[in-house]
Amino acid sequence: MITMSHKQTAFTLAETMIALTVFAFIISMFHFASQFVQNEKKTANLINYQRTLMQLENPDRQYEWDRQGNQIYFVSARHEDQRVRFRLNKNVLQLTTDQGGTMPIVSGVSDFELLENQGRLHFVIIFSRKEHYETDLLLKRHLASKD
């Protein structure tokens with residue numbers, strides 16, 4: 001007589017719990033890694049914003065601001081005949097001159113605003129991830145202003 005034993009193979013409760021614990025650990029590591037990357041991008045955007053302010057408020061450039069119609073522009077004390085404006089081109093905020101020269105300032109920008117607020121220039125920059133920063137620039141109004 002031949003006896004056949006059928007042994008069923010299955011995970012034990014302990015093996016299942018260990019597998020679920022390892023899976024949960026891996027998922028939590030991905031979650032923390034993605035949060036870290038997001039925080040790094042926010043930090044990079046803040047640093048880029050501060051660099052932008054430093055470019056504008058650099059004493060060597062001696063920028064002043066003025067308005068022509070609804071367009072705000074910058075004038076350097078060294079080159080009063082040259083007007084410099086902000087332009088957004090493919091998510092890159094650039095300074096452009098009337099002669100066509102451009103200087104990239106910061107990337108990852110979805111929008112920006114320059115507003116006159118009680119005689120001061122208010123600058124708002126909105127990054128692609130919807131974070132935004134704003135401040136009043138420490139620039140004087142250009143003396144040749146007619147508005």
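The table below lists the values:
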{"quantity": "Elements of type strands (runs of 3 or more DSSP E) in region 53-147, at least 2 residues being among the hydroxyl-bearing types (Ser, Thr, Tyr) and touching a residue at least 60 places away in the same chain (Cβ under 8 Å)", "calculated": "132-137"}
{"quantity": "Check on residue 83, under 14 Å from the mean Cα position of the chain (by Cα) and charged (D, E, K, R)", "calculated": "no"}
{"quantity": "Residue list for region 97-133, filter: of a type in the set (Asp, Glu) and touching a helix residue (DSSP H, G or I) at 6+ places or on another chain (Cβ under 9 Å)", "calculated": "131"}
{"quantity": "Unique residue being among the β-branched types (Val, Ile, Thr) and in contact with a Phe, Trp or Tyr (Cβ under 7 Å, 6 or more places away or on another chain) when the list is 18, 72, 27, 47", "calculated": "72"}
{"quantity": "Pairs where the first residue, in region 24-50, is within 20 Å of residue 126 (Cβ to Cβ) and the second is of a type in the set (Asp, Glu) and surrounded by 11 or more Cβ atoms within 10 Å (Cβ to Cβ), C-beta under 8 Å, 6+ apart", "calculated": "42/131; 45/131"}
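Conditions (1) of a type in the set (Gly, Ala, Ser); (2) loosely packed, with under 13 Cβ neighbours inside 10 Å, marked per residue:
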| position | (1), (2) |
| --- | --- |
| 18 | no, yes |
| 33 | yes, yes |
| 62 | no, no |
| 105 | no, no |
| 122 | no, no |
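We did not get these values from a lab; they are worked out from the coordinates using the rules stated. Note that this is a predicted model, so its numbers are computed, not measured. Neighbour counts run over all protein chains shown; Cβ positions are idealised from the backbone, glycine included.
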